[in-house]
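The values are calculated or read from the model by the stated rules, or taken from the named source; none is laboratory data. Not measured: the values here are computed from a predicted model. Using ideal geometry, Cβ is built from the backbone for each residue, glycine included, and neighbour counts are taken over all protein chains shown.
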Amino acid sequence: MSAGPDPHTVPGAPPPGLARPTVLSLAIREKAALYAAYMPFLKNGGIFVPTQKAYKVGDEIYLILTLMDDGTKYPIAGKVVWITPAGAHNNKAQGIGVHFPDDETGQRTRARIEEILGAALRSSRATHTL
């Protein structure tokens with residue numbers, strides 16, 4: 001007699017003890033805000049997400065990103081690579097930097113952001129991260 005599947009597990013759910021990634025939503029409506037949040041110095045690109053929730057570097061994040069007037073929602077399964085704590089130097093906004101994945105969604109999101117920003121990418125204006 002075989003035991004069969006465990007009736008207490010849900011198909012597709014992470015194994016017990018592994019938390020599901022946090023889901024965050026970010027809507028950027030202005031080019032200046034996108035410039036301030038974008039992290040082009042990361043290998044696959046990334047974005048700063050203002051949040052008061054505590055995260056650790058390496059945490060997995062699922063981000064739903066909306067850019068400007070583009071009705072497209074960009075789903076990003078990224079990782080926390082930057083943390084700006086509350087009360088940071090120079091009044092930087094509290095939040096996290098999310099590194100885009102090295103897959104089609106990450107590449108598509110990075111390409112769209114860089115298309116919107118264009119020449120502004122070479123600016124020396126301050127951002128949320130550097």
Unmet criterion (only one of (1) farther than 22 Å from residue 69 by Cα; (2) in contact with a strand residue (DSSP E or B) (Cβ under 9 Å, 6 or more places away or on another chain); (3) at pLDDT 90 or above) for residue 20: (3)
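Considering region 77-101 alone, what residues qualify as being of a type outside the set (Gly, Ala, Ser) and more than 9 Å from the chain's Cα centre (by Cα)? Let's see the steps before the verdict.
Filtering region 77-101 for residues of a type outside the set (Gly, Ala, Ser) gives 79-85, 89-92, 94, 96, 98-101.
Within region 77-101, 81, 82, 83, 84, 85, 89, 90, 91, 92, 94, 101 qualify.
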Residues being in contact with a strand residue (DSSP E or B) (Cβ under 8 Å, 6 or more places away or on another chain), free of Cβ contacts under 8 Å to residues at least 40 places away in the same chain and not aliphatic (A, V, I, L, M) - total across region 73-102: 6
Test: residue in region 99-106 that is at pLDDT below 85, part of a loop (DSSP other than H, G, I, E, B) and surrounded by fewer than 19 Cβ atoms within 10 Å (Cβ to Cβ): no
